[in-house]
Amino acid sequence: MKRVHTVCDECMQSVDAQLEEFYTTHLLRGTEISIVETWPVCPQCGNKIGLGTYANENDKLLYEAYRKATHLPGGDEIRAMREKLGLSQKKLADLLGIGVASIQRYEGGSLPTEAHAAMIRQLNDPVFLRQRLQDTNFGSAKEHDALVASVEQTITREEEDASLSRIVFMMAQRTPDEYTGEKAFNAERFREVLVYFALNIRELYRTKLNKALFYLDFSAFRDLGHSITGLRYARADFGPVPDKYEQLIAAFTNEDAFYFEEQDTGGQILCTRKNEFGWWLFSPEEREQLSKVTEFVNRFSTATALSDASHKEPLWKQVEFGDLISYKGASTLKAL
Ligand SMILES: [Zn+2]
């Protein structure tokens, strides 16, 4: 047990006080908050000694717990939001219509008032931000316009990211059925399939990738009873394509793990910066399927040849343009 040498503020004796933990409940701004406090205890009179350093530590714990319980934004969070928007403390204060001293205090760890917290939280809301930008005067017209333009850019980028992550989220929420290959979409597994293909398939053009995914999922359903990615496929002009393919690829290739390499042909090849595929996310049978499909795809000399083969598959011709293709037709796969 740790001890501190100090003077007891009750019996006024010089003592070696032992540090003890106290489970304590506080009422802070009407909310009950429980924390484990640490205090030195006087061995002479049993008093909890109110030493400043411990009082400060316990206060910090209390504020942090309160912040979490009430979802008040913390200092680091406020600074991160401000920096993301490219605003100084002064500009953020102007934007929110509050004093710059308040922003400084909040970023330093003080608890924001409920009203200020509500405004700070709204920095994540593009509608609110745009309105405030319009209503705020940021110095000269030139300075004002430059600031508005740069914040606007951030908002737009955020909105795009949000809509992409929404797609992935919505896909993961779907109940597995005959159109998902009886498997729920799993973003992590999908990402690793992309990594595997990027590492092992020659010249992975977008078209080639979508055919590879189709053959992977449908052959896995036929051979293992479920798809690998949980993707749905629909009938496009020529052959089957993953549902929301462009958005999906955009969502994943925005990540650092991937990049596209421009070709002289004008096409783009998907490449990965990762050098290991996350094989532990897949069963041995699934890994076998990945390797079989890769070997199959690499047998075709061009993306067009592979496309042609997929266009001869009967299962997609039976559905209308735009309709989802049932995995139940997987038994009729011809090429693989
Ligand atoms: Zn004492």
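Taken together, the values in this text are just the output of simple stated rules run on the coordinates, not laboratory data. Predicted model only: the values in this text are computed from it and were never measured. Quick reminder, even Gly has a Cβ in these numbers, built from the backbone with ideal geometry, and neighbours come from all protein chains shown.
General observations
- For the stretch 152-229, size of Cβ-based charge dipole, Lys and Arg +1, Asp and Glu -1, in debye: 360
- Compactness of the chain was expressed as the Cα radius of gyration divided by 2.2 N^0.38 Å, which yields 1.48.
- Choice from His26, His116, His226 with maximal GNM fluctuation in the chain (Cα, 10 Å cutoff): His26
- Two-site FRET efficiency, Ser165 against Glu262, from Cβ-Cβ distance with R₀ of 30 Å, rounded to 0.05: 0.70
- Exposure proxy ranking for Ser227, Ser110, based on other Cβ atoms within 10 angstrom of each Cβ and starting from the fewest, stands as Ser110, Ser227.
- Set of aspartates and glutamates near Lys48 by C-alpha distance (under 12 Å), chain-local residues within fewer than 8 positions excluded: Asp9, Glu10, Glu20, Glu21, Glu37
- Dividing the summed -39500 (n - 2.57) terms of all DSSP H runs of n ≥ 4 by the residue count of the chain sets its mean residue ellipticity at 222 nm at -15500 deg cm²/dmol.
- When the listed pairs Lys90/Lys244; Lys91/Lys244; Lys60/Lys84; Lys68/Lys142 are checked against a 32 Å cut-off, the alpha-carbon distance exceeds it for Lys90/Lys244; Lys91/Lys244; Lys68/Lys142.
- Using the Cβ-Cβ distance between Ala305 and Glu152 with R0 = 45 Å, the FRET efficiency computed as 1/(1 + (r/R0)^6) comes to roughly 0.45.
- Selection from Gln13, Tyr327, Cys45, by position along the positive dipole direction of the chain (Cβ): Tyr327
- Each of Phe252, Phe238 was scored by other Cβ atoms within 10 Å of its Cβ. Listed from fewest to most, they are Phe238, Phe252.
- Unpaired cysteine residues in the chain (no second Cys Cβ under 4.7 Å): Cys271.
- Farthest towards the positive end of the charge dipole of the stretch 110-174, among the residues Phe138, Val127, Val168, is the Cα of Val168, using unit charges on the Cβ of Lys, Arg, Asp and Glu.
- Remark: the stretch 174-332 carries a charge dipole of roughly 200 debye about the Cα centre, counting +1 on each Lys and Arg Cβ and -1 on each Asp and Glu Cβ.
- Fully extending the segment from Leu28 to Glu320, taken as 0.36 nm per residue of separation minus the present Cα-Cα distance, adds 98.9 nm.
- Of all lysines in the structure, the ones whose alpha carbon falls short of 17 Å from that of Lys292, not counting any fewer than 8 places away in one chain, are Lys208, Lys211, Lys334.
- Dipole of the stretch 69-125, positive direction: furthest Cα of Ser102, Thr113, His71, with charges on the beta-carbon: Ser102
- Assuming charge only on the beta carbon of Lys and Arg (+1) and of Asp and Glu (-1), the dipole of the chain about its Cα centre is about 520 debye to the nearest 20.
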